[in-house]
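Below is one structure, written out as structure tokens, with a few remarks after it.
The values are calculated or read from the model by the stated rules, or taken from the named source; none is laboratory data. Note that this is a predicted model, so its numbers are computed, not measured. All Cβ positions, even for glycine, are placed from backbone atoms using ideal geometry, and neighbour counts span all protein chains on display. Surface accessibility is based on the protein's heavy atoms, side chains included, excluding ligands, DNA and RNA. Shrake-Rupley method; radii C 1.70, N 1.55, O 1.52, S 1.80 Å.
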Amino acid sequence: MHELSLMGDVLDLVQRDARKRGLERITGVRLLVGTLSNAMPDALQMAFLMFRAGGETPLTEEAELTVETEEAKAVCVLCGLEYVPDRTVAVCPDCGLPSGKLVSGEAFRVLSYEGS
Ligand SMILES: [Zn+2]
């Protein structure tokens, strides 16, 4: 499950930042995940719970993961049409060409976290 390694990276990042700020416990993590990012929110939740149960991270027993979704959006460089692409290679519905430039939907980042 590739979300497991993604979540491992997220928790590494959070843990390092938390240590710098003198936080010992993490009570919540908020992620922004694009619909075209190849990360499934359900699988991310599952990975988060596995890490939480594993006890090797500073996550508290009640720590929660919040996943915010970034909708995919593309703009055609030829006609300027803005549309919702279903994949990262965005075919403009008007021109019928892969002329769409993806402007959102590939995000995968930590928005914030809480700790004490
Ligand atoms: Zn177009």
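Restricting segment 71-111 to residues that are under 30 Å from R19 (Cβ atoms) and not β-branched (V, I, T), the residue that is least open to solvent (accessible area, probe 1.4 Å) is A107. Of E114, E64, E68, all but one fail to be under 23 Å from L44 (Cβ atoms) and either modelled with pLDDT under 95 or surrounded by fewer than 13 Cβ atoms within 10 Å (Cβ to Cβ) (or both); the exception is E68. Please go through segment 99-116 and give me each residue that is in a loop (DSSP other than H, G, I, E, B) and more than 10 Å from the ligand (Cβ to nearest atom), ordered by number. Matches in segment 99-116: G105, E106, A107, S116.
Each row is one residue, and each column tells you yes or no for (1) farther than 19 Å from F108 by Cβ; (2) open to solvent by 100 Å² or more (accessible area, probe 1.4 Å); (3) at pLDDT 95 or above; (4) not charged (D, E, K, R).
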site	(1), (2), (3), (4)
R16	no, yes, yes, no
I26	no, no, yes, yes
L31	no, no, yes, yes
G34	no, no, yes, yes
A43	no, no, yes, yes
M46	no, yes, yes, yes
F51	no, no, yes, yes
P58	yes, no, no, yes
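Identification of strands (runs of 3 or more DSSP E) wholly contained in segment 11-94 with 2 or more residues that are farther than 18 Å from S116 by Cβ and within 16 Å of the ligand (Cβ to nearest atom) yields 73-76.
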